[in-house]
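Asker: Structure below; questions to follow.
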Amino acid sequence: QASLVVLSACNTGFGRITGDGVIGLSRALISAGVPSVIVSLWAVPDAPTSELMQSFYQNLQSNPDKAQALRQAMLTTMKTHPQPRNWAAFTLIGEAE
């Protein structure tokens, strides 16, 4: 019944690559009916990830577009943690709104 699942731990977007795409936790959630999942593509550092997620949820309160909320959170996190490994790991799978 969730409209969004956020998996903010390390490597949550990983899975087995097949002809049907990546088979992993995000695919299981989408198959179970969750319209939107946010995952990380590599090991993420704690402090920048915490800042990014706080910013994401604040943005989401004023803008229901999950993709835009994530993008704005990344831009905000870039200001204090400019290296991409600190903010670029996250991606939205599924519906933006």
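The values are calculated or read from the model by the stated rules, or taken from the named source; none is laboratory data. Only a predicted model underlies this, so the values are computations on that prediction, with no experimental measurement involved. Neighbour counts are summed over all protein chains in view; Cβ atoms, including those assigned to glycine, are modelled from backbone coordinates with ideal geometry.
Asker: Those residues that are in contact with a Pro (Cβ under 7 Å, 6 or more places away or on another chain) and of a type in the set (S, T, Y), I need them from region 29-82; list them, please.
Answerer: Within region 29-82, just T77 meets the criteria.
This table checks each residue for (1) among the polar types (S, T, N, Q); (2) over 10 Å from the mean Cα position of the chain (by Cα).
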site: V37; (1), (2): no, no
site: S55; (1), (2): yes, yes
site: P64; (1), (2): no, yes
site: M74; (1), (2): no, yes
site: P84; (1), (2): no, yes
site: G94; (1), (2): no, yes
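Asker: Anything in region 8-42 that is surrounded by fewer than 18 Cβ atoms within 10 Å (Cβ to Cβ), in a loop (DSSP other than H, G, I, E, B), in contact with a strand residue (DSSP E or B) (Cβ under 8 Å, 6 or more places away or on another chain) and at pLDDT 90 or above? List them, or say none.
Answerer: Passing the criteria: S8, A9, C10, N11, P35, L41.
Asker: Suppose we filter region 43-57 for residues that are surrounded by fewer than 19 Cβ atoms within 10 Å (Cβ to Cβ) and either at pLDDT below 95 or polar (S, T, N, Q) (or both); how many remain?
Answerer: 2
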